[in-house]
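Peer 1: This is the structure I have questions about; it appears just below.
FYI, it's all coordinate maths here, none of it is from the lab. All figures in this text were calculated on a predicted structure; none of them were measured in a lab. Cβ placement follows ideal geometry from the backbone for every residue including glycine, while neighbour counts extend to all protein chains displayed.
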Amino acid sequence: MLLPWEYGVRNLARRPVRTALTLVALATVVMLVFVVVGFIRGLEQSLAVSGDENVVLVYSVNSEENIENSSIAPSSPSVLAASLDSAVKRYGVLHVSPELFLGTRVKTGAGEGGLGLVRGVSLTAPLVRRSVKLVEGNWPGDGEVIIGRLVAAKLGSSTDAMAIGNSIDFEGKQWRISGRFTAGGAAYESEIWCKLSDFQTTTKRQDISLVAMLLSPTGSAAEVELFCKERTDLELRSIRETEYYAMLQQHYKPVRMLAWFVVVLVSGAGIFAGLNMMYGAVAGRIREIAMLQAIGYRRRAILISLVQEGVLLAAAGSLLSGVIALTLLNGMAIRFTMGAFTLRIDSVAILIGCGVGLLLGVLGALPPAFKALRAEVATSLKAV
Amino acid sequence: MALVELRGVFKSFRKGDETITPLDNIDLDIHAGEFVSLMGPSGTGKSTLLNLVSGIDRPDSGTITVDGTEVNKLSRSKLADWRAANLGYIFQTHNLIPVLTAYENVELPTLLLKLSAAQRRQRVELALEAVGLSNRADHYPRQLSGGQEQRVGIARAIVAHPKVVVADEPTGSLDAETSEQVQVLLQRLNKELNITMLMVTHDSNVASIASRQLMLDRGKFLEAIRS
């Protein structure tokens, strides 16, 4: 038979200051777990939604996996179009997007700025990058750019500085912001897009970085890959876009592993908060615990009651952190090397955060409970 | 047959290099309804004997039988169940749980029995009535006087209708007047409810309320002072 639920609940109010401090400590630990897990989930989600199964990227064979370093002939799109039937063609428009992609220093009108990602695109880009949606303003004309939802976060500038009509500087030229776009959480959301020809002129480049092709139902990525391997003179390679982002996932694996390690370290610190609270709570109740055994309560029942106290406090801390994380952290933009992404406090993050919180409650309560229950009842009844 | 039977009970402790033998081949019979007090100087094994009878300590050798159950042979969990059903314990320092009301403190032992909520309520109310604290049921221990706290402790000890109630210095932490009230209460519970009691005290006045007084010294019973 277990001890009454009220016993565990009311025991938390015995030492209100200690309980409150422990609650804050546990809530802080769980909050840190939410931040780190939200970071990992956001990064994974950003990379997961960035790839389109039907899009193939063709870029320079010499650039390894870094498309920013890729340089291919401007004729590549037409060569590919003429040689392959793999791309979608609708109303006479081939869904092939030549793009020039650069990482370059971008400054806002307010003097803020940082390293931005700029993509020179043609009108076919939205046909291939199907998640991109212009949500405000117009498609860029000469000297104009459209900016992704997370560009301000990527540049570390204010959102106001990125308002439509404002100007930004890069590659020695001033560009007017003509519109804003979203991409369903994909990596493009931290990019600045402008007209390809305009960007080539500004950067004094004739080449492009890549060609993105939307495969038709009859087309296959293998066909494009075979073409690239056969035409060694073009020095091209191809990769399915999903595979490209899966590769980036692998690239960021050490970062994710490090983040998980931080979760473990932070959780470890949290256990000490729980231990401190429960050792204090149990130390003052040695005689009471012995009395409960003397009147017939089994040690298991007392152990469960003590664990219940720890878990109750941890659950309260987790709940508090969960509410704060969901309302304040969820969707917060994070600047990262690949661009920017948002912290994602999803069901998995909630589950892990609250799970860690409850685990802290259990692990924090067990050692002091075992210590108290190991003592001889007869001796403990005389404890001061 | 006696309700409580101790046969050849031996118990010793190591304290540094010294071996202390608080109980040395003790025999004792306590009959149902009897009120036995146990006196003796400090460290002579009074509490040890009480702890052995209540099953919270085990003898080195010998047998302790309560109502036909050889308690020294029960496992730890079986002993807990046995205590819940058969034993009431009155402590010197009340040992009430401060976060529970008087009613909830008294109710604790009944939660271990197979009783309905109504039966539990009835038992708790009767126990509180028996100790004259029905009007303090909703009070927390901090809102009670020392004597009232001890009476709640006594109500907790009798609420499960135990076969034996053991009391370890039940008046040890009370002033003279309150001690007197508790003595009267214990005597009344023994006589009116026919509760078998074993009480440890080093106060001869308190011991005198018992129907039989025993003196323990250096591990052996001296003569029965009164029986």
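Peer 1: In square nanometres, what is one fourth of the surface area of the convex hull spanned by the alpha carbons of the range A:41-148?
Peer 2: Directional mean of the projected Cα hull area for the range A:41-148 stands at 9.3 nm².
Peer 1: Let me ask something additional. Can you give the angle from 0 to 90° between the axis of helix A:221-230 and the longest principal axis of chain A, with both taken from C-alpha atoms, to the nearest 10?
Peer 2: 50
Peer 1: How far, in degrees from 0 to 90, does helix A:299-324 lean away from the longest principal axis of the Cα atoms of chain A, to the nearest 10?
Peer 2: The answer is roughly 30 degrees.
Peer 1: To continue, here is another question. Given a 10 angstrom Cα cut-off, can you work out which residue in B:LEU50, B:LEU112, B:LEU96 is the most mobile in a GNM of chain B?
Peer 2: B:LEU112
Peer 1: Okay, moving on. Per the Kirkwood treatment, what hydrodynamic radius in Å, one decimal, follows for the range B:4-221 from the mean inverse distance over all distinct Cα pairs?
Peer 2: On the way: mean 1/r = 0.0565 Å⁻¹.
Computed over the range B:4-221, the radius equals 17.7 Å.
Peer 1: Moving on to the next point. Based on C-alpha coordinates, I'd like the Rg and Dmax of chain A, in Å.
Peer 2: When restricted to Cα atoms, chain A yields Rg and Dmax of 29.1, 94 Å.
Peer 1: May I ask you to list the trypsin sites (Lys or Arg not before Pro) in the range A:145-242 that are in a DSSP loop and have at most 14 other Cβ atoms within 10 Å of their Cβ?
Peer 2: Filter output for the range A:145-242: A:LYS204, A:ARG231.
Peer 1: Could you tell me which of rounded, prolate or oblate describes the range A:177-220, using a ≥ b ≥ c as the square roots of the eigenvalues of the alpha-carbon gyration tensor, with rounded for a/c under 1.5 and, failing that, prolate when a/b is larger than b/c and oblate otherwise? Don't jump to the answer; show the numbers that get you there.
Peer 2: On the way: a/c = 2.72, a/b = 1.21, b/c = 2.25.
Since a/c reaches 1.5 but b/c is at least a/b, the shape of the range A:177-220 is classed as oblate.
Peer 1: Along the positive direction of the dipole of the protein assembly as shown (beta-carbon charges: Lys, Arg +1; Asp, Glu -1; about the Cα centre), which of A:SER216, A:ALA259, B:VAL71 reaches farthest?
Peer 2: Toward the positive end, the furthest listed residue is B:VAL71.
Peer 1: Just report the Cα centroid separation between the range B:52-70 and the range A:231-282, whole Å.
Peer 2: 59
Peer 1: Report, by chain and number, residues whose modeled amide H sits under 5 Å from the one on B:LEU38, excluding near sequence neighbours (fewer than 5 apart, same chain).
Peer 2: Hits under the 5 Å cutoff: B:MET199, B:VAL200, B:THR201, B:LEU214.
Peer 1: Show that you can apply the helix-only estimate: for chain A, add -39,500 (n - 2.57) for every DSSP H stretch of four or more residues, divide by all residues, and state [θ] at 222 nm to the nearest 500.
Peer 2: The helix contribution divided over chain A gives -15500 deg cm²/dmol.
Peer 1: Give me a single rounded figure for B:89-97: the average over its residues of other chain Cβ atoms within 10 Å of their Cβ.
Peer 2: Averaged over the peptide's residues, the number is 4.
Peer 1: What residue among B:ALA210, B:ALA80, B:ALA102 shows peak mean-square fluctuation when chain B is described by a Gaussian network model with Cα springs under 10 Å?
Peer 2: Largest GNM mean-square fluctuation: B:ALA80.
Peer 1: For the range B:1-109, what is the convex hull (Cα atoms) projected area averaged across all directions, in square nanometres?
Peer 2: 8.7
Peer 1: A follow-up question, please. Report, by chain and number, residues whose modeled amide H sits under 5 Å from the one on A:GLY51, excluding near sequence neighbours (fewer than 5 apart, same chain).
Peer 2: Hits under the 5 Å cutoff: none.
Peer 1: Once every DSSP H run of n ≥ 4 in chain B is given -39500 (n - 2.57) and the sum is divided by its residues, what mean residue ellipticity at 222 nm do you get, rounded to the nearest 500 deg cm²/dmol?
Peer 2: -9500 deg cm²/dmol
Peer 1: Turning to a different aspect of this structure: Kindly express, to the nearest 10 degrees and within the range 0 to 90, the angle between helix A:16-50's C-alpha long axis and the longest C-alpha principal axis of chain A.
Peer 2: In chain A, helix A:16-50 runs at an angle near 20 degrees to the longest axis.
Peer 1: Where nothing but the Cβ of Lys and Arg (+1) and of Asp and Glu (-1) is charged, how large is the charge dipole of the protein assembly as shown around its Cα centre, in debye to the nearest 20?
Peer 2: Around 660 debye, computed over the protein assembly as shown.
Peer 1: I would also like to ask the following. Given the options A:GLY310, A:GLY111, A:GLY361, which has the most mean-square fluctuation in a GNM of chain A, springs set between C-alpha atoms less than 10 angstrom apart?
Peer 2: Comparing A:GLY310, A:GLY111, A:GLY361 in the GNM, the peak value goes to A:GLY111.
Peer 1: Shifting gears a bit: For B:GLY88, enumerate residues with amide H under 5 Å from its amide H, sequence gap 5+ or separate chain, H modeled in the peptide plane.
Peer 2: Residues meeting the amide H criterion: B:VAL164, B:VAL165, B:VAL166.
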